[in-house]
């Protein structure tokens, strides 16, 4: 998508947010239709379960409806809504999975959707060992293709911190994966 197309999409999303905040149901339904697939995709990749992803997406939309009036800058809708989604994903994982179960499910999910399955010590297995913040960074950056500034707003940390954490996480993964293949 080119710069002009991105700017047009951004303005359109801001207009939808303003109209929805003013009570226009059709605008809100349009927002839902635009963001339903990215929300579901993120929740599925984070949790690895179709039913959990569906539930998390629904919980996210309920929270968005309840908190919609608190969104003061329509341009921040994407990062604001994704922050809610991430909290819902993390809450779900804390409530429903032990650490071992979480790692296994995430590894299975990565094998299914991202790359061919590999031996023990594969990139998918190493990714499954990351803590939720590291997974969030990688999924937002590479799965959702968000910018550093968008990730910083979502995670409520400085852009420099996002960059350094991404760099460190990727470097750690490279070392672990290289170490496993030698």
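Every number in this text was worked out from the coordinates using simple rules, so none of it is lab data. These numbers were taken from a predicted model, which means no experiment stands behind them. Backbone-built Cβ (ideal geometry, glycine too); neighbour counts: all protein chains shown.
If neighbour count is taken as other Cβ atoms inside 10 Å, put 46, 142, 68 in order from fewest to most.
If I rank by nearby Cβ atoms, fewest first, I get 142, 68, 46.
Please say if segment 1-102 is rounded, prolate or oblate, where rounded means a/c under 1.5 for a ≥ b ≥ c the square roots of the C-alpha gyration tensor eigenvalues, and otherwise the choice is prolate for a/b larger than b/c and oblate otherwise?
Prolate, since a/c reaches 1.5 and a/b exceeds b/c.
Going by C-beta contacts inside 10 Å, put 151, 56, 157 in order with the fewest on the left.
157, 151, 56
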